[in-house]
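A short worksheet on the structure shown next.
The values are calculated or read from the model by the stated rules, or taken from the named source; none is laboratory data. Note that the structure is a prediction, hence the values are computed from the model and not measured. Note that each Cβ is placed from the backbone with ideal geometry, even for glycine, and that neighbours are counted across all protein chains shown.
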Amino acid sequence: MAKRGIKYTLLVLLGAVLVYNSIYIKSLQAVKAANKGFDVDSYASNYLFKTIPKSTAAFTDFTSLRNALRANPSEAFDAYSHAPSDGDIRYFMVNGSGVVVSKDSGYVWLEDSEKQHLKLASQYIYGTAARDAAGLISVDSFDNTMLFNEVSEKINFLIKKQLSPTLQQLAVGDTLRFTGAIELNRRDPVLAETAIIPLRLENLQNENK
Amino acid sequence: MKHLNICALLLLLCLGCGNRNKDGQPKQIAIVVSTLNNPWFVFLAESAAEKAKTLGYTSKIFDSQNNTALETDHFENAIAAGYDAILFNPTDAEGSVVNATKATDADIPVFCMDREINSRTAATSQILSDSYAACVQLGKLFVSDLDRSGTYAEILGIVSDNNTWNRSKGFHSVVDNFPNLKMVAQQSAEFDRNKAMEVMESILQAHPDITGVFCGNDAMAMGAYQATVAAGKADQVKIYGFDGAEDAVNAVKDGKINATAMQFPKLIAEKAATLADAYFKGERNFRKKLPIAVDVVTPKNIDQYIAYGKKN
């Protein structure tokens, strides 16, 4: 009788151990709560309107960059570009100025002090250049890459919303000062065909009026 | 008495399953992958095993068959068997967090490969393809190839996987800027070739005029291609995949599909094994998320690539 009691006790204990090690319950709400606490809108707005204006050390003069790329592309990429991964696509944060020489539905074309033309995106604000060019936002700060990418989309949205009025009012002959981000492929860095994603714009014509 | 001994033995086995005898034995690495029903993941797992062997470790591959419950069993078995590290390709961004956490709590480092879990703490490090940025590039190509107008479809992967949405969102972040490009169908085929073929057959019946389809992986792109061939529309529909799998690379070369995005499974797997090696040697500071760049492969640059990677 006693043996039977021990046997059943051991069986119950064994069953309990097996059940305990077989079931893990964690609320999905608890898992998702970590992401819900993150305010993408505020983060993107803070980056674009507070962090970027204070981060002038991260900017490269566009004309200087063009000359550096012509002289030694590899060194220019190593010195001035950022990217979250080690691939051929890299991003540069640039600033500069130029006179508006033409506009179309997607771009504003400027001529700089060296009489070179450069292309500023006015409609097609996409990609991750605006987020990654300054090298100030790390994917390590996010619970998942979807949030990291949402930040990029929100920054692009804010750029479009904030800069549309300035871009629409531009006229040929206006002088524009800009801060922007560009994407270049290390294997084939063709700066002339690359659109600058604007982050900040100043129409100097307006200041002089 | 006999039954009593068996019960006692089973109990001792269960209670003692956390003990590991590593003295003098090579460390063991468990390689837990979401599915071995897709050649890309087979290559990923085998590359990890090969690198582990090169580094002097033994390894075993576990197939989760896209089933989180089975994945849980694998983790429990790996922990119980005293594995020293887990190279992990998760089945579910949310559902797999608990498995990685359990291993981490048992002081077993977890290195995620390719697929992400939604946590910064559950895994030691996550080595992830930068799917979003790659699909921005694919989106630009798609817009250019379709000349900014026409109707198209999208075939999504597994909806609980972050890669599915990072790819879709990267693509749409570009394509949605062009109002003359209209998506007429968006459906999941769960990264499966046969399902994609069925989905594409339905899409072609409902929308016979589509001129493009964006697929969340190469297996689905190849399934979509089969459907377009069967419908006599292979020349009409431009197809875009993602992965850099062998048949897709050959299909780009042969002009059957327009592009794929080359992930580098060997690089990802070897990186994971190398990080495990570093962990064994005392390293504890790892980047939580380590994005790996993805290249867009088109007929123009196909000569630079082979299945799953670049030519040497």
Using the structure shown, decide if B:SER119 is modelled with pLDDT under 95, surrounded by fewer than 24 Cβ atoms within 10 Å (Cβ to Cβ) and over 15 Å from the mean Cα position of the chain (by Cα). yes
Contact list, first residue from the stretch B:129-150 and on the phi < 0 side of the Ramachandran plot, second anywhere and part of a loop (DSSP other than H, G, I, E, B) and aliphatic (A, V, I, L, M), beta-carbon distance below 7 Å, six or more apart or interchain, is B:SER129/B:VAL294; B:ASP130/B:ALA293; B:ASP130/B:VAL294; B:SER131/B:VAL294; B:ALA134/B:VAL294
Residues being farther than 18 Å from A:PHE178 by Cα, of a type in the set (Gly, Ala, Ser) and touching an Asp or Glu at 6+ places or on another chain (Cβ under 8 Å) - total across the stretch A:75-104: 3
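Can you find, within the stretch B:289-311, the residue that is nearest to B:ILE127 (Cα to Cα) among those that are touching a residue at least 40 places away in the same chain (Cβ under 8 Å), in a loop (DSSP other than H, G, I, E, B) and more than 18 Å from the chain's Cα centre (by Cα)?
Start the filter on the stretch B:289-311 by keeping residues that are touching a residue at least 40 places away in the same chain (Cβ under 8 Å), which leaves B:289-299, B:302, B:305-310.
Checking the rest, the ones that are also in a loop (DSSP other than H, G, I, E, B) come to B:293-294, B:298-299, B:307-308.
Checking the rest, the ones that are also more than 18 Å from the chain's Cα centre (by Cα) come to B:298-299.
Details: B:THR298: 25, B:PRO299: 28 Å.
Of everything passing the filter in the stretch B:289-311, B:THR298 is nearest to B:ILE127 (Cα to Cα).
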Where in the stretch B:1-95 are there helices (runs of 4 or more DSSP H), lying fully within it, with 2 or more residues that are at pLDDT below 95 and closer than 30 Å to B:GLY241 by Cα? B:39-54
Could you go through the stretch B:184-207 and let me know if any residue there is away from every other protein chain (no Cβ under 13 Å), among the β-branched types (Val, Ile, Thr) and within 25 Å of the chain's Cα centre (by Cα). yes
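For every residue, the table says whether it meets (1) at pLDDT below 95; (2) assigned to a strand (DSSP E or B); (3) over 12 Å from the mean Cα position of the chain (by Cα).
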residue: A:MET146; (1), (2), (3): yes, no, yes
residue: A:LYS154; (1), (2), (3): no, no, no
residue: A:VAL172; (1), (2), (3): no, no, yes
residue: A:PRO189; (1), (2), (3): yes, no, yes
Identity of the residue in the stretch B:70-94, closer than 26 Å to B:LEU55 by Cα, within 14 Å of another protein chain (Cβ to nearest Cβ) and not hydrophobic (A, V, I, L, M, F, W, C), that ends up surrounded by the fewest Cβ atoms within 10 Å (Cβ to Cβ): B:ASN77
Residues (out of contact with any Ser or Thr (no Cβ under 6 Å at 6 or more places or on another chain) and either within 12 Å of another protein chain (Cβ to nearest Cβ) or among the aliphatic types (A, V, I, L, M) (or both)) located in the stretch B:95-113: B:SER96, B:VAL98, B:ALA100, B:THR101, B:LYS102, B:ALA103, B:ASP105, B:ALA106, B:ILE108, B:CYS112, B:MET113
Checklist (1) under 19 Å from A:ILE89 (Cβ atoms); (2) touching a helix residue (DSSP H, G or I) at 6+ places or on another chain (Cβ under 7 Å) applied to A:PHE142, failing item: (1)
